[in-house]
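Q: Structure in structure tokens, see below.
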Amino acid sequence: MGKKFIVVGASSGIGKALAEQLLSEGNQVALLARRDKVLKEFASKFNTDPKNRIALTVKYDSTLFASAKTVFAKILKEFGSIDGIYYASGVMPTVAPDEFSTDKDIAMINTNLLGAIAILNPAAEYFQSIGKGMIAGISSIAGDRGRRGAPVYNTSKSALNTYLEALRNRLAVKGVQIVTIKPGFVSTDMLKDAKVPDKGFLKPITPEAAAKIIIQKISSGSEEFYVPGRWALVGLIIRNIPSFIFRKLNI
Ligand SMILES: NC(=O)c1ccc[n+]([C@@H]2O[C@H](COP(=O)([O-])OP(=O)(O)OC[C@H]3O[C@@H](n4cnc5c(N)ncnc54)[C@H](OP(=O)(O)O)[C@@H]3O)[C@@H](O)[C@H]2O)c1
């Protein structure tokens, strides 16, 4: 029998690919994002049997923090139980090298960090109460270091890593799997204006390939990993470059 999942940020990119794979494997999935028309169209592909509608769509804005608890409770009521939640919502507006935009920074902190905390807290409380479950946050290799190009995107991801680590330290003993996912380049809308290599070691992978790796790693019990795995080497190098050298590099 299939399991029941929530995917926040299921209207495009990595979240959509995760939802697609979970639904294709016969799981029930609640699809959350602001573009509910896109979600409905996507869900209709999987809701062909009126007696077994496996894709539930929920129009949801992660930055409306006060609604998170109620939305989680409504999905729980509809599904009866929940096995796991993926937080894949995120924004990364273009920030010029000499730009300091508090508006853009607030948008990133609200969506990438506070939005995650707002919905993962009720999930954590529920999984703690039943002694099982899985919480996965899509972070980024960008959280490994404070880089000149994206100060607050980096901050949002490193803070998300710390939050997820703390949840893991609280909840592992209660039987809950907490997963920190650190993708490298994935060819989604988020990267459409970014300069990324089109070949070689750092070439972007498709969202479908990323979803396949993520679901496989989670089912094998992993708690923290890069996607694809080769980015672990990049992370290792980046984290170990001394600060006085790092600030001279244009990365
Ligand atoms: N692509 C990469 O190379 C890469 C690398 C490392 C990490 N990541 C991370 O992976 C995650 C997914 O990004 P992606 O690459 O798949 O980008 P994407 O295709 O742009 O998807 C972003 C998703 O976030 C949702 N979202 C944005 N703001 C939201 C809000 N206020 N409320 C609810 N949902 C919101 C979007 O849905 P709506 O617009 O419909 O609300 C969309 O479903 C992000 O956290 C990103 O930082 C991506």
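The values are calculated or read from the model by the stated rules, or taken from the named source; none is laboratory data. Just so it is clear, the model here is predicted, and its values are computed rather than measured. Cβ sites come from the backbone with ideal geometry, for glycine too, and all protein chains shown count toward neighbours. For accessibility, only protein heavy atoms count, side chains too; no ligands or nucleic acids. Shrake-Rupley method; radii C 1.70, N 1.55, O 1.52, S 1.80 Å.
Q: If amide hydrogens are placed 1.01 Å from N in the peptide plane, which non-local residues have theirs closer than 5 Å to the one on Thr57?
A: Leu31
Q: Another question, if that's okay. In whole Hz, with x marking every Gly and Pro, tabulate ³J(HN,Hα) for the range 134-144 from phi via Karplus 6.51 cos²θ - 1.76 cosθ + 1.60, θ = phi - 60°.
A: Rounded to whole hertz, the list is 9, 10, 10, x, 7, 8, 5, 4, 4, x, 6.
Q: In the chain, what percentage of the DSSP-assigned beta bridges are antiparallel, given to the nearest 5?
A: Around 0 percent antiparallel, to the nearest 5.
Q: Cα centroids of the range 110-140 and the range 20-61: how far apart, whole angstrom?
A: If you average the Cα positions of each part, the centres end up 20 Å apart.
Q: Related question: Can you compute 3J(HN,Hα) from phi for each residue in the range 157-173, using the Karplus curve 6.51 cos²θ - 1.76 cosθ + 1.60 with θ = phi - 60°, rounded to whole Hz and x for Gly and Pro?
A: Working through the residues one at a time gives 7, 5, 5, 4, 4, 5, 4, 5, 4, 5, 4, 4, 5, 6, 9, 4, 5 Hz.
Q: Compute the separation of the alpha-carbon centres of the range 64-83 and the range 1-19 and state it in Å as a whole number.
A: 15 Å
Q: Can you tell me the accessible area per residue over the chain, all protein chains present, probe 1.4 angstrom, in square angstrom?
A: Working: 12960 Å² over 251 residues.
Heavy-atom SASA per residue in the chain reads 52 Å².
Q: What accessible area, in Å² to the nearest ten, does a 1.4 Å probe give for Glu224?
A: Result for Glu224: roughly 110 Å² accessible.
Q: Among the listed pairs Lys16/Lys212; Lys37/Lys59; Lys157/Lys212; Lys16/Lys59, give every one whose C-alpha distance is greater than 18 Å.
A: Numbers: Lys16/Lys212 12 Å; Lys37/Lys59 9 Å; Lys157/Lys212 22 Å; Lys16/Lys59 14 Å.
Violating the 18 Å limit, Cα to Cα: Lys157/Lys212.
Q: Please work out how much accessible surface Tyr60 shows to a 1.4 Å probe, ignoring ligands, DNA and RNA, in Å² rounded to 10.
A: 10 Å²
Q: Could you sort 190-196, 87-93, 135-141 so that the peptide with the highest average Cβ count within 10 Å comes first and the rest follow in order?
A: The most tightly packed comes first, giving 135-141, 87-93, 190-196.
Q: Where the accessible area of the chain is counted over protein heavy atoms with a 1.4 Å probe, how much of it, in %, is carbon and sulfur?
A: C and S fraction of accessible area: 55 percent.
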